[in-house]
1. Scan segment 21-33 and report the pairs whose first residue is surrounded by 13 or more Cβ atoms within 10 Å (Cβ to Cβ) and whose second residue is of a type in the set (V, I, T) and part of a strand (DSSP E or B), with Cβ atoms within less than 6 Å and a gap of 6+ or a chain change.
2. Can you name the residue in segment 50-103 that is in a helix (DSSP H, G or I) and basic (K, R) and is also farthest from S237 (Cα to Cα) among such residues?
3. Could you grab me the full set of residues in segment 190-222 that are among the hydrophobic types (A, V, I, L, M, F, W, C) and either touching a Lys or Arg at 6+ places or on another chain (Cβ under 6 Å) or at pLDDT 90 or above (or both)?
4. Which residue, of K248, K244, K225, is at pLDDT 90 or above, on the phi < 0 side of the Ramachandran plot and loosely packed, with under 11 Cβ neighbours inside 10 Å?
5. Tally up the residues in segment 143-170 that are in a strand (DSSP E or B) and either free of Cβ contacts under 8 Å to residues at least 24 places away in the same chain or more than 29 Å from the chain's Cα centre (by Cα) (or both), please.
6. With (1) under 30 Å from D116 (Cα atoms); (2) at pLDDT below 85 as the list, and N175 as the residue in question, which single condition is left unmet?
7. Mind checking which pairs have a first residue in segment 232-258 that is over 28 Å from S81 (Cα atoms) and a second that is part of a loop (DSSP other than H, G, I, E, B), Cβ under 7 Å, 6 or more apart or different chains?
8. Within segment 127-151, track down each residue that is within 30 Å of G205 (Cα to Cα), touching a helix residue (DSSP H, G or I) at 6+ places or on another chain (Cβ under 8 Å) and surrounded by 19 or more Cβ atoms within 10 Å (Cβ to Cβ).
Amino acid sequence: MKKLLFFFVLVFLVGCASHIYPAKVEKKSATLEKVNNIDNLPQQPFTDKVIAIVAPEIHFIKDEDKSTFDIDDIFTKTLKSKLSVYMISDIEELLLKKGFKIKGPYDSFDEITYEDKKKTYLAFVPKVYLYIKKETKDRYCAMNYCFERGVLKISGNVKIILEEPLTKQIFMVKNIKIQSFSQEYEYGSPFVFNLNSQNSLNQIGLLNQRNIPLQKRVVIDNTQKVLADLLNKFYHSFVSQMIKYIDKEEILSYAKDIKHLKAQKRY
């Protein structure tokens, strides 16, 4: 009886194929959230030392089982620039709280002018390595939509380099490792099956056995929101650790060596 009912439903769908319209996509989105815990730090006495801030180099490395949506494109278009701006802002705020004067930010180390290099104690150069892994749990196409469900995982590290800008001598390297975070995603996209294809009809039969809806008016795509949520966790973790790693006394301890180095190089 069940097979007979499915046969009549399938005949009806084939007959109405010209009236099947692709499902609409409802995109869920989010943005990065600024960290505010630096504001609560005590203000340390100011020093005459100037630190030049260079914008972070952001390296995005992805590992995906099959490309259905472009993670790199989502990151570049909606999240990368904001991550860079927020990181620069937090680095500036932290160094000011530590009592340093700041210059910049500079888009790259090469943009620091010779005059600025002469006035600068150290350059603060951050490098971000983001690793995104996509694991697909389920994927199928029905009458008017395709659906994918899986997990996105984010991990990585941020390398902080302090170097003397005239000689490019590196005085400090901090490698801040960020723990792995993961979250489930849903990716729905519009689609129309070719009901004249036997393979398509077989696929419809398999979906029917799994009690999966053959048509939907609206499907969800929350991939951007999930990536933004994961980046928030990554970024907030970085700021919390940066506060612990950046020590004023340690940075000032390089003063004699920097003075000696510049004298040797006749700067």
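1. Short answer, once both residue conditions are applied: A23/V219; K24/V218; V25/V219.
2. That would be K77.
3. Selection gives V218, V219, I220.
4. Exactly one of K248, K244, K225 is at pLDDT 90 or above, on the phi < 0 side of the Ramachandran plot and loosely packed, with under 11 Cβ neighbours inside 10 Å, namely K244.
5. Total meeting the criteria: 3.
6. Failing condition for N175: (2).
7. Close Cβ pairs (under 7 Å, with a partner that is part of a loop (DSSP other than H, G, I, E, B)) amount to K248/Q44; K248/K98; K248/G99; L252/T47; L252/K49; I258/Y121.
8. Once the filter is applied, which keeps residues that are within 30 Å of G205 (Cα to Cα), touching a helix residue (DSSP H, G or I) at 6+ places or on another chain (Cβ under 8 Å) and surrounded by 19 or more Cβ atoms within 10 Å (Cβ to Cβ), segment 127-151 yields K134, A142, M143.
The values are calculated or read from the model by the stated rules, or taken from the named source; none is laboratory data. Model, not experiment: these values are computed from the prediction. Cβ atoms come from the backbone with ideal geometry, glycine included; neighbour counts cover every protein chain shown.
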